[in-house]
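Below: the structure, in structure tokens.
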Amino acid sequence: MKNKQVILVKKPEGLINESHFSIGFTDISSPKEGEVLVKNRYVSIDPYLRLLTEEPTTFSRGVKPGNRMESWSVGEVVESKSPVFQSGQYVLGYLGWQEYGLSNERDLRPIDPSIASLPAFLGVLGMPGITAYLGMFDYGKPQAGQTVLISAAAGTVGMTAGQFAKMHSCKVVGITDSEEKCRFLLEELNFDYAINEKSEDLEQKLKQCVPEGIDLYYDNVGGETLDTALLFLRKNSRVVICGMISQYNVKTPYAIKNFERLHSARATLKGFIVGDRTDRWPEAIRKLETWVKEKKLKHKENVFHGLENAPKALHSIFTNAPIGKTVVEV
């Protein structure tokens with residue numbers, strides 16, 4: 001038996017696509033003491049993976065051409081030399097785009113499939129959910145009666161952050177890119193307003209929806225969307241920079257023009273990366289699992305089939321992103 005992997009073969013310049021990857025095969029390694037061999041069931045597709053192909057990367061582990069693509073995955077333990085894990089147990093780890101992954105026991109998290117489907121542990125119950133939790137509560141600090149604006153609001157991070165704001169009795173406005181996603185935000189998640197940035201003028205729509213301005217902007221997009229949102233900052237508002245998906249595939253970054261609003265509004269702007277606060281992950285995981293079990297937190301996953309389609313799935317989230325979390329069934 002061989003281990004199928006997806007290999008980055010060349011550094012992307014512009015939009016990442018299938019031509020930047022190839023399929024490779026390696027031997028399947030046997031675990032040593034304290035190690036676990038995992039058969040991946042699903043691998044995660046996230047916007048930040050595009051950043052891993054850049055040098056230098058803002059993340060701790062970049063991917064150079066010739067190496068396997070990295071990502072989170074959920075899978076089943078097939079062989080264990082660890083007293084912590086047993087064969088047949090499901091785990092989450094940073095095992096990459098491959099069929100089998102070898103991991104130290106300390107780098108795996110046991111998961112309970114009775115809480116939700118396995119793909120959900122790569123979305124609302126995984127890194128994206130934790131990102132939304134920390135970004136909203138540690139930095140955004142929503143308060144009852146305040147107005148919260150969220151970009152890429154139909155993605156896992158955006159929809160989860162928006163639901164947190166609704167839990168705290170905030171007025172929530174979601175920015176997205178299709179009428180289908182707008183309906184989802186309004187009808188399924190009970191957002192107060194949803195704006196289709198592709199077909200509507202964002203500044204004019206915000207003047208209608210939030211004439212009083214916003215207290216918190218949770219940004220997943222950057223670029224022109226961020227620039228427009230800055231115009232609506234109220235006094236002592238907060239801007240949380242979670243991601244800048246609009247800028248990941250461009251050669252010339254968008255130049256922000258409205259930074260002066262941060263000063264005149266006495267606003268704060270905070271960028272964060274979820275991996276910097278792993279000390280806060282256990283609390284976030286407990287809360288997320290509780291809210292999902294109690295059906296207080298809705299989620300949605302989209303599954304591509306076949307490991308060889310992981311590059312296609314990654315390309316899709318930059319061109320025609322579906323609602324919710326995208327994963328690939330290995």
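The values are calculated or read from the model by the stated rules, or taken from the named source; none is laboratory data. Only a predicted model underlies this, so the values are computations on that prediction, with no experimental measurement involved. Positions of Cβ are generated from backbone atoms using ideal geometry, with glycine treated the same way; all protein chains shown enter the neighbour counts. These area figures cover heavy atoms from the full protein model, side chains too; ligands, DNA and RNA do not enter into them. Shrake-Rupley method; radii C 1.70, N 1.55, O 1.52, S 1.80 Å.
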Conditions (1) touching a residue at least 24 places away in the same chain (Cβ under 8 Å); (2) farther than 21 Å from N249 by Cβ; (3) part of a loop (DSSP other than H, G, I, E, B); (4) of a type in the set (S, T, Y); number of the one not met by T26:
(3)
Collect the residues in the stretch 30-47 that are open to solvent by 30 Å² or more (accessible area, probe 1.4 Å), out of contact with any helix residue (DSSP H, G or I) (no Cβ under 8 Å at 6 or more places or on another chain) and part of a loop (DSSP other than H, G, I, E, B), keeping them in residue-number order.
S30, K32, E33
So which residues in the stretch 153-188 are under 19 Å from L288 (Cβ atoms), among the aliphatic types (A, V, I, L, M) and surrounded by 20 or more Cβ atoms within 10 Å (Cβ to Cβ), if there are any at all?
A153, A154, V157, M159, A161, A165, V172
Just give me the residues in the stretch 230-278 being more than 23 Å from the chain's Cα centre (by Cα), of a type in the set (G, A, S) and surrounded by 14 or more Cβ atoms within 10 Å (Cβ to Cβ), in sequence order.
S237, A265, A267
Look at the stretch 316-330 and say how many of its residues are surrounded by fewer than 20 Cβ atoms within 10 Å (Cβ to Cβ) and more than 14 Å from the chain's Cα centre (by Cα).
4
Restricting the search to the stretch 287-315, which residues are open to solvent by less than 50 Å² (accessible area, probe 1.4 Å) and in contact with a Phe, Trp or Tyr (Cβ under 8 Å, 6 or more places away or on another chain)?
L288, L297, L307, A310, P311, A313
Anything in the stretch 64-91 that is within 19 Å of H305 (Cα to Cα) and of a type in the set (A, V, I, L, M)? List them, or say none.
M69, V74
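Is it fair to say G123 is open to solvent by less than 20 Å² (accessible area, probe 1.4 Å), under 12 Å from the mean Cα position of the chain (by Cα) and either closer than 30 Å to L108 by Cβ or at pLDDT 95 or above (or both)?
Numbers: open to solvent by less than 20 Å² (accessible area, probe 1.4 Å): yes; under 12 Å from the mean Cα position of the chain (by Cα): yes; either closer than 30 Å to L108 by Cβ or at pLDDT 95 or above (or both): yes.
When the stated conditions are applied, G123 passes them.
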Qualifying positions in the stretch 292-315 - without any contact (Cβ under 8 Å) to a residue 40 or more places away in the chain and more than 25 Å from K39 (Cα to Cα)
E294, K295
In the stretch 1-29, which residues are modelled with pLDDT under 95 and either open to solvent by 70 Å² or more (accessible area, probe 1.4 Å) or of a type in the set (A, V, I, L, M) (or both)?
M1, K11, E13
Among (1) surrounded by fewer than 21 Cβ atoms within 10 Å (Cβ to Cβ); (2) more than 22 Å from A255 (Cα to Cα), there is one condition K198 misses while meeting the rest; what is its number?
(2)
Can you tell me which residues in the stretch 213-224 are open to solvent by less than 10 Å² (accessible area, probe 1.4 Å) and either in contact (Cβ under 8 Å) with a residue 60 or more places away in the chain or within 16 Å of D201 (Cα to Cα) (or both)?
G213, I214, L216, Y217, Y218, D219, G223
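Residues G222, G275, G243: which one is out of contact with any helix residue (DSSP H, G or I) (no Cβ under 8 Å at 6 or more places or on another chain), under 29 Å from H299 (Cα atoms) and not aromatic (F, W, Y)?
G275
Restricting to the stretch 97-118, give me the number of residues that are in a strand (DSSP E or B) and touching a Leu at 6+ places or on another chain (Cβ under 9 Å). Break it down stepwise before answering.
In the first step, residues of the stretch 97-118 are kept if they are in a strand (DSSP E or B); the result is 98, 100-104, 109-110.
Adding the requirement that they be touching a Leu at 6+ places or on another chain (Cβ under 9 Å) leaves 98, 100-103, 109-110.
Counting residues in the stretch 97-118 that are in a strand (DSSP E or B) and touching a Leu at 6+ places or on another chain (Cβ under 9 Å) gives 7.
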